[in-house]
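The values are calculated or read from the model by the stated rules, or taken from the named source; none is laboratory data. Please read all numbers here as calculations on a predicted model, not as lab measurements. For neighbour counting, all protein chains shown are included, and Cβ atoms are generated from backbone atoms with ideal geometry for every residue, glycine included. Side chains included, ligands, DNA and RNA excluded: accessible areas come from the protein's heavy atoms. Shrake-Rupley method; radii C 1.70, N 1.55, O 1.52, S 1.80 Å.
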Amino acid sequence: MTNISHLHPKFSIITVTYNAEKTIEDTIQSVITQSYKNVEYIIIDGDSKDDTMEIADKYSEHISHIVSEPDKGLYDAMNKGIKMATGNYLCFLNAGDELHEDDTLLNIVHTIRKESRLPDVIYGETAIVNDEGHFIRMRRLQTPERLTWKSFRHGMLVCHQAFFANTRLAKSELYDLNYRFSADYDWCIRIMKKSRNLHNTHLTIIDYLNEGMTTKNHKASLKERFDIMCKHYGYISTVLYHIWFVIRVVLKK
């Protein structure tokens, strides 16, 4: 086993933006003020028409890569970020989302040092905040103590932003652009299928802005998630689970 007690893993934090002038600055500041400094920050912009890039350029000395060009959508931009990442781990921080506190990455590293080797996936909890950054509640879906790829048959139990993937694995499993709204769900499952060690930090990692593309396109997202569940867990199993879910909702009323 590799002794990692003195290692300092590098994090690639990727923010994908489009016309995000109202939210991007708080996200940037949450990354560049981290007390842990072995961080690569990447911004992939979809050729914004507002002041997103002007705001990002103010912090260019703290940002490793800034790209602004047309893309084929959110997940195409995220794939660009994956290909550019050079860290041990990567994660995606949407415009408006923030790392929970200035010591978040440092605290994550402290929990990793208890492991005998670098985990393939690092995960934690997510706080839901409003557009002023004020705490609303913890995320409704409960993070499992021990995460496996089978955990996600119950839904996306770990928020995508609180899911740090080994960069090597991520580069071998890019987002499937056939999914417009839920490619992150499919991607996380594929990453976990290839992972041996998934590490629960028991930390609140992300402040998640209570809005997003999936929220705005809820029905289309649910249809895609059903298809993804059928692909990974089987059609019969997925249908039976959804029947049980409906029964459970009815019984609770």
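Descriptive notes on the structure:
- Candidate set: the range 83-115, residues that are of a type outside the set (Val, Ile, Thr) and assigned to a helix (DSSP H, G or I); chosen: the one nearest to the chain's Cα centre (by Cα): Leu105
- Candidate set: the range 116-152, residues that are open to solvent by 60 Å² or more (accessible area, probe 1.4 Å) and β-branched (Val, Ile, Thr); chosen: the one nearest to the chain's Cα centre (by Cα): Thr148
- Of Glu145, Glu132, Glu125, all but one fail to be out of contact with any Gly (no Cβ under 9 Å at 6 or more places or on another chain), of a type in the set (Asp, Glu) and outside any loop (DSSP other than H, G, I, E, B); the exception is Glu125.
- Condition met for Leu177 (under 11 Å from Gly124 (Cα atoms) and part of a loop (DSSP other than H, G, I, E, B)): no
- One residue stands out among those in the range 208-224 that are part of a helix (DSSP H, G or I) and open to solvent by less than 60 Å² (accessible area, probe 1.4 Å): the one that is modelled with the highest pLDDT, which is Glu224.
- Contacts under 7 angstrom Cβ, first residue in the range 188-211 being free of Cβ contacts under 8 Å to residues at least 40 places away in the same chain and hydrophobic (A, V, I, L, M, F, W, C), partner open to solvent by less than 10 Å² (accessible area, probe 1.4 Å) and not in a loop (DSSP other than H, G, I, E, B), 6 or more apart: Cys188/Phe152; Cys188/Phe163
- Filtered residues of the range 29-68 (kept if open to solvent by 30 Å² or more (accessible area, probe 1.4 Å) and either among the basic types (Lys, Arg) or touching a Pro at 6+ places or on another chain (Cβ under 8 Å) (or both)): Lys37, Asn38, Asp47, Lys49, Lys58
- Those residues of the range 85-115 which are open to solvent by 40 Å² or more (accessible area, probe 1.4 Å) and either in contact with a strand residue (DSSP E or B) (Cβ under 9 Å, 6 or more places away or on another chain) or without any contact (Cβ under 8 Å) to a residue 60 or more places away in the chain (or both), in sequence order: Thr86, Asn88, Asn94, Glu98, His100, Glu101, Asn107, His110, Lys114, Glu115
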